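Reading through the structure tokens given below for one structure.
None of the figures in this text is laboratory data; all of them are computed from the coordinates on show. Quick caveat: nothing in here was measured; it's all calculated off a predicted structure. Cβ: placed from backbone, ideal geometry, glycine included. Neighbour counts: every protein chain shown.
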Amino acid sequence: MDVVLRTLLGALGMALVPLVAVVFLIWESRKVIARMQDRLGPTNAGTYAGPFALFQTVADGIKILTKELIIPQGADRGVFIAAPIVVVTVAIAVWAVIPLGPSGLQVVDLDVGAFYVVAISSLAPFSMIMAGWSSRNKYAEVGAFRAVSQIIGYEIPQVLSLLVPVLLSGSLRLQQIIQAQSVPFGAVVPLAALTYFLASVAELGRLPFELAEADSEIVAGYFTEYSGMMFGAFYLADFINNFTASIVFSVLFLGGWRGPWVDQVPLLGTFWLLLKAFMVFNVLVLFWAAMPRLRIDQVLAFNWKFLAPLSIATLIVTALVDKMLTAMAVEPWARSAGLLVANLLLGVAALVFLSIVGRRFTRRDTLRRPGLPTGLPDSDAA
Amino acid sequence: MSVGQLTFLAFAAFTLGAAVRVVTHRLVFHAALWLIASFFGIAAVYLLLESPFMAGVQLFIYIGGVAVLTAIAVMVTKGMMRRDLPTMANVRSSALVAVSLFLVMSWTILQMPLPEAPASPVFEEGLAMLGMALVDPRGYLLPFEVVSLMLLIVLIGALYVARER
């Protein structure tokens, strides 16, 4: 019973971490985006939002709680109400296996931790389908379709490049993946890290892959009809997912809680992990502020014609090179260096291939339609 | 009854209840959602059996894959948003099919010898052994490769069907 109680308390504490962190992260990303756009963002002028408007998110949260929940007349009531619950549950469920520190600072250290993360995040499109279908709104439905086709497609490069750290550490256990990173995997297999990062940006629906809620095309996508705190739930889940993806990326490719002096002070590991995740999160925020939105066919073509084949090639090359170097019984540093060289060569090969194909497409397009600006090739999606 | 048994009974009841709703619900989309709920119950039972890998597979393949595809298929079906529902036809013949299927399956399951002793405890290297068995020539290498070949054929077939003419 003691174990049960401890697990329950741990789960409760861990579920609170993303919810509290998000309050700060929303404020921070609003500030960063405002500076990128030459604005001030939330300020404390004329409000009681505290120094630098630190508590603006709290004020917004309270305001949104008081708003009326409007359920459209034609909506499928039960499913409409269930969708925001599901989306937040899925967003928080991933935190059960996040290792916040060397030991103990994790709810469960599943032996299939990395797989659990993938399995839980594969539930995300399902909440979008629920929201999009139950709203009985064409924009919502188009948004759900876009989200699902995008997420199902980008799951392939994401899982394939997640297999690379699993392959190198020989375990799906997140703690063991961190233990194996005396050199962070991001420095050993940068190509896998890059494909994983791009695929998770697409999974999150962050710009430039923000097709599911493209506000200039389909209002707000699958949550068009939601108001009040039900909209707040989608907004919250969006930020939690961004932060979770940053943490998972830090665990898989940036060495998790590893850092100086962690052996002496284990709690410092949490600080290192959160710091790494915060930096990754800020890359996402900069993407958000700076990127244009792609077209849906460009997004899908980029995945199926470039990212998925590239991640398959990365997985095969890494497996072969790693096996060869292990068979030759080289030093650990030589193994890392060999993998790094193989990854860089593959990356250069991919870029060369891309430029050749791109040039051919451009030439074909200009021949067919003279006067067309030569930019990205038209996707001739199959 | 122990806590484990009570939890199992709760999840089993949930799974079966959701499964009943799948076949009795008149809205096909709701039936698909109940199907997902029932998959969830099965994943929870796998977790109770201390097999998180099987639970993950259940979530990843059945909910992330099969159920999402089912829901999309339902969404693009014509007239799925309509409120006037078709009446159930052929109740008798479908009941006949269902009952005979149930009888055949329960007979097969009852024929199977069940182990008397409790199953061996899950050991640490279980997942690694499963992986080794799948690629071992004396294990399941041949079925594994045949399945992958079949999936490749399905992929090519889907591309052929979907290509623009």
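Partner chain Cβ atoms within 10 Å, averaged over the residues of A:112-125 - can you pull that number for me?
Whole-number average of other-chain Cβ neighbours for A:112-125 is 5.
Computed from backbone phi, the HN-Hα couplings of the stretch A:273-290 come to 4, 5, 5, 4, 4, 5, 5, 4, 4, 5, 4, 4, 5, 5, 3, 4, 7, 10 Hz, rounded to whole numbers (Karplus: 6.51 cos²θ - 1.76 cosθ + 1.60, θ = phi - 60°; Gly and Pro given as x).
Each label point was placed 7 Å from the Cα along the Cα-to-Cβ direction; for B:Leu142 and A:Leu16 their separation is 5.9 nm.
Taking trypsin sites (Lys or Arg not before Pro) across the stretch A:244-315, the ones in a DSSP loop with at most 16 further Cβ atoms lying within 10 angstrom of their Cβ are A:Arg293, A:Arg295. You can think of it this way: the chain between A:Leu65 and A:Ala329 has 88.9 nm of extra reach, that is 0.36 nm per residue less the Cα-Cα gap. Longest stretch of chain A clear of exposed loop sites (chymotrypsin sites (Phe, Trp or Tyr not before Pro), DSSP loop, at most 11 other Cβ atoms within 10 Å, sites excluded): A:49-260. Projected label points at B:Ala128 and A:Ser216, each 7 Å from Cα along the beta carbon direction, are separated by 5.4 nanometres. Exposure proxy for A:Arg363, B:Arg21: other Cβ atoms within 10 Å of each Cβ, ordered fewest to most, give A:Arg363, B:Arg21. Shown for A:Asp38, A:Asp297: other C-beta atoms within 10 Å of each C-beta, ranked fewest to most, produce the order A:Asp38, A:Asp297. Within chain B, the whole DSSP H helices whose Cα atoms reach 18 Å or more along their own axis and whose mean Kyte-Doolittle score is at least -0.5 are B:3-24, B:28-48, B:91-111, B:141-162.
Can you give the net charge of the other residues whose Cβ lies under 10 Å from the Cβ of A:Val285, counting K and R as +1 and D and E as -1? Computed value for this residue: +2.
Our note on the geometry: Cα centres of the stretch A:48-98 and the stretch A:226-274, 19 Å apart.
Remark: mean inter-chain Cβ contacts per residue of A:327-333 equal 0, using a 10 Å Cβ-Cβ cutoff to other protein chain atoms.
Work out the mean other chain Cβ neighbour count within 10 Å for the residues of B:20-33 and drop it here as an integer. Write down the numbers at each step before the final one.
On the way: counts 0, 0, 0, 0, 0, 0, 0, 2, 0, 6, 4, 0, 3, 10.
Average per residue, whole number: 2.
In this structure, A:Met229 and A:Thr43 have a Cβ-Cβ separation that, at R0 = 30 Å, corresponds to a calculated FRET efficiency of about 0.75.
In a shell of Cβ-Cβ distance under 13 Å around A:Thr195, excluding A:Thr195 itself, what net charge do Lys and Arg (+1) and Asp and Glu (-1) give? Value of the local net charge: -2.
Residue separation of B:Ala95 and B:Arg21 scaled by 0.36 nm, minus their Cα-Cα distance, works out to 25.1 nm of gained length.
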